[in-house]
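For reference, the structure discussed in these notes is given below.
What follows draws every value from the coordinates through simple rules; no lab data is involved. Worth saying up front: this structure is predicted, and the values here are computed from it rather than measured. No Cβ is skipped: glycine too gets one built from the backbone with ideal geometry, and neighbour counts run over all protein chains shown.
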Protein chains: 2
Amino acid sequence: MATCTVPQVVPSPAEDAAALLKAFQGWGTDEQAVIAILAHRDAAQRKRITLKYEEMYNESLMQRLKSELSGDFERAMCHWILDPVERQAVMANAATKCILEEYPVVIEIACANSTAELVAVKEAYHALYKCSLEEDVAAATTGNLRSLLLALVSTYRYDGDDVNMGLARSEAKIIHEAVRNGAADHEELIRIVGTRSKAQLNATFGCFKDEHSSSITKALPRGTDPTGYLRALRTAVRCIADSNKYFAKVLRNATCESGTDEDSLTRVVVMHAEKDMKGISSAFRRRSSVTLEQAIAKETSGDYRSFLMALLGS
Amino acid sequence: MATCTVPQVVPSPAEDAAALLKAFQGWGTDEQAVIAILAHRDAAQRKRITLKYEEMYNESLMQRLKSELSGDFERAMCHWILDPVERQAVMANAATKCILEEYPVVIEIACANSTAELVAVKEAYHALYKCSLEEDVAAATTGNLRSLLLALVSTYRYDGDDVNMGLARSEAKIIHEAVRNGAADHEELIRIVGTRSKAQLNATFGCFKDEHSSSITKALPRGTDPTGYLRALRTAVRCIADSNKYFAKVLRNATCESGTDEDSLTRVVVMHAEKDMKGISSAFRRRSSVTLEQAIAKETSGDYRSFLMALLGS
């Protein structure tokens with residue numbers, strides 16, 4: 001469930017556009033007014049405001065926001081006003097440019113969306129970039145990392161709940177063999193993670209844990225991982241197994257005391273605030289002494305903090 | 001363009017259902033009456049007749065056809081009355097059961113459909129089999145054959161006409177390297193064939209031909225191919241390069257004097273009669289001394305021949 005809220009009575013797009021222009025004008029931008037409007041409109045409403053603003057003032061709202069705001073607040077707001085499907089296409093494209101650092105973005109889009117949502121993102125990618133997400137991921141990677149990421153973004157997974165327990169047991173064995181041998185021969189492992197339904201994979205992961213008293217992610221070898229493949233595999237397994245728990249961990253790492261990771265923080269909050277942030281927030285609370293809002297408030301400041309807090313519904 | 005025809009005035013589904021029941025009743029089935037009705041109704045009309053027949057007579061038209069007809073005619077008619085998208089899902093599923101012989105079916109569905117059509121087939125596959133085409137293809141194959149087939153059925157190809165000629169030249173070089181080295185290291189080749197748009201691939205195939213005075217399919221090593229990978233690669237390249245020419249060749253092989261291949265003949269005619277059979281027929285004529293109708297009429301007989309001829313519009 002979403003955390004961001006929309007008022008019971010919503011002004012018309014023309015009224016919102018006028019209020020935004022007013023917030024931009026004069027000495028300094030009224031950032032709080034911008035947040036008060038845009039953080040409390042759903043995706044369809046934001047789209048209508050964007051179109052109306054351009055129609056009324058003959059300038060792009062996105063461009064105006066870029067010139068009026070700055071830093072993490074600007075980046076977060078500019079992602080927020082995009083259509084959710086387009087936003088993911090834009091984020092995936094940016095991630096393919098520095099895939100060794102940004103592979104989690106690609107994995108999250110591939111694994112946390114439903115099958116139909118992933119197809120919609122890939123369709124938006126075609127429209128925006130005149131090529132496919134698949135070819136950009138494939139061209140940016142090699143070896144096992146390519147095989148894994150390409151399988152994850154390509155596959156049209158079965159979305160149902162049907163589970164074959166015999167298959168889960170036999171594939172848990174195959175995964176155990178692969179894990180024991182390091183990352184040398186992971187073809188079968190990638191085939192399983194890349195094609196089976198999430199329900200089937202969760203049964204397989206469960207069989208693995210029952211049999212070996214350890215999760216797959218813990219059983220994978222630690223230490224050197226120059227290609228990033230093992231880290232990507234851990235990310236994918238965690239994101240498929242329990243996306244709320246996975247995103248809660250991303251947020252925990254992003255708000256830890258050794259330094260804030262604003263990019264990850266922005267990404268998760270903006271992408272999930274109107275989707276499944278309540279579940280992520282609960283998962284965060286279960287493993288932390290403070291609430292998600294408290295953790296984020298402590299590590300951020302100014303308009304950026306106000307905006308994230310508004311998206312979190314506090 | 002389609003070759004099968006629909007009369008200007010079409011009877012109601014109830015009239016067609018009644019006429020079909022009449023054709024089934026009495027001493028022996030009136031196969032010509034069945035052909036006269038069903039070969040001249042489009043997919044939506046056939047669906048309505050199927051539903052109406054079941055409603056009126058409380059039996060499945062498909063089951064009744066199976067009990068009334070026989071041999072190649074029965075198989076062709078039972079495929080014909082299926083919804084075109086479902087039919088492809090059914091055919092793909094059957095092909096995964098004996099993939100070493102039937103891989104062309106999987107490749108045709110993956111490569112001759114548009115991106116949106118392929119997604120529709122994969123959606124129908126989910127609904128029918130409670131799993132994905134990807135996992136069935138992956139579980140049935142290994143090695144390079146798996147990598148290739150899985151890439152082809154998974155990918156969400158860009159459908160546009162945009163072509164990057166620099167990329168085409170550099171990827172033609174990569175393909176040439178791979179072809180020269182046999183099938184040992186085809187990871188890059190499979191990446192290119194599996195992810196690039198058809199327009200881009202045709203430019204790449206053209207660059208290869210200009211540079212090496214030979215098509216990729218001819219340059220690939222002949223001789224032993226125990227895994228079937230090289231044959232599958234040739235099939236995919238030909239199907240992507242020119243699907244009309246590819247299907248014309250399938251039909252030429254299926255009707256050659258050394259023996260008729262009814263399964264391939266039925267598949268291509270039934271799957272393409274209401275889609276792009278005119279183009280396939282023209283491509284056939286360019287490489288043959290007889291027309292497609294003449295070639296098929298010579299190699300088939302009885303009701304099966306009458307049915308195929310009706311679908312071909314003669």
### Task
Any chance you could list the semi-axes, whole Å, largest first, of the equivalent ellipsoid that the Cα gyration tensor gives for the protein assembly as shown, using √(5λ)?
50, 30, 25
### Task
Would you kindly work out the equivalent ellipsoid of the range A:13-69 from its C-alpha gyration tensor and give its semi-axes, the square roots of five times the eigenvalues, largest first in whole Å?
16, 13, 10
### Query
What are the nm distances, shortest first, from A:Asn181 to its equivalents in the other copies, labels at 7 Å along Cα→Cβ?
2.1
### Qualifying lysines (Cα of each under 22 Å from Cα of A:Lys22; at least 8 residues distant if same chain)
A:Lys47, A:Lys52, A:Lys66
#### Entry: Computed E for A:Glu15/B:Ser258 - FRET, C-beta separation, R0 56 angstrom, nearest 0.05
0.10
### Task
Convert each backbone phi in the range A:138-147 into a coupling constant with the Karplus relation 6.51 cos²θ - 1.76 cosθ + 1.60 (shift: θ = phi - 60°), then list the ³J(HN,Hα) values in order as whole Hz, x for Gly and Pro.
5, 6, 8, 10, 9, x, 4, 4, 5, 4
### Message
Taking each residue in B:120-126, count the Cβ atoms of any other chain within 10 Å of its Cβ, then average. What number comes out?
### Response
3
### Task
Taking amide H positions as placed in the peptide plane 1.01 Å from N, state which residues far from A:Tyr158 in sequence (5 or more) or on other chains have amide H under 5 Å from it.
A:Ser197, B:Ser132
### Query
With a Cα-only, solvent-free Debye model of the range B:88-154, what are the log10 I(q)/I(0) values at q = 0.17 Å⁻¹?
-0.49
### Query
Between B and A, which B residue has the Cβ nearest their rotation axis, distance in Å?
B:Ser154, 2
#### Entry: Free-standing Cys residues across the protein assembly as shown, given no other cysteine C-beta under 4.7 angstrom
A:Cys4, A:Cys78, A:Cys98, A:Cys131, A:Cys207, A:Cys256, B:Cys4, B:Cys78, B:Cys98, B:Cys131, B:Cys207, B:Cys256
### Query
At 10 °C and 1.306 mPa s, what whole-number value in µm²/s does Stokes-Einstein give for the translational diffusion of the range A:243-311, with Rh from the Kirkwood sum over Cα pairs?
136
### Task
Could you please state, rounded to a whole Å, how far the C-alpha centre of the range A:230-276 is from the C-alpha centre of the range B:46-91?
50
### Query
Helix-derived [θ] at 222 nm for the protein assembly as shown: sum -39500 (n - 2.57) over DSSP H runs of at least 4, divide by residue count, nearest 500?
-21500 deg cm²/dmol
### Query
Can you pull the three principal axis extents for the Cα set of chain B, in Å, largest first?
66, 46, 37
### Task
Write down the radius of gyration of the range A:163-305 and its Dmax, each obtained from C-alpha positions, in Å.
17.3, 54
### Task
Could you rank the peptides B:242-255, B:174-187 by their average count of other C-beta atoms within 10 Å per residue, with the highest value first?
B:242-255, B:174-187
## Note on the structure
Measuring from the longest principal axis of the C-alpha atoms of chain A, the long axis of helix A:43-57 (C-alpha) lies at a number of degrees, nearest 10, equal to 40
### Task
For helix B:302-311, report the angle its Cα long axis makes with the longest principal axis of the Cα atoms of chain B; keep it between 0 and 90° and round to the nearest 10°.
70
### Message
As I understand it, the value is the acute angle between the Cα axis of helix B:13-24 and the longest principal axis of the Cα atoms of chain B; what does it come to in degrees, rounded to 10?
### Response
80
### Query
Can you run phi through the Karplus equation (6.51, -1.76, 1.60; θ = phi - 60°) for the range A:287-295 and list ³J(HN,Hα) in whole Hz, with x for Gly and Pro?
10, 9, 7, 10, 7, 4, 4, 4, 4
### Query
Rounded if a/c is under 1.5, else prolate if a/b beats b/c, else oblate: with a ≥ b ≥ c from the C-alpha gyration tensor eigenvalues square-rooted, which is the range B:96-244?
oblate
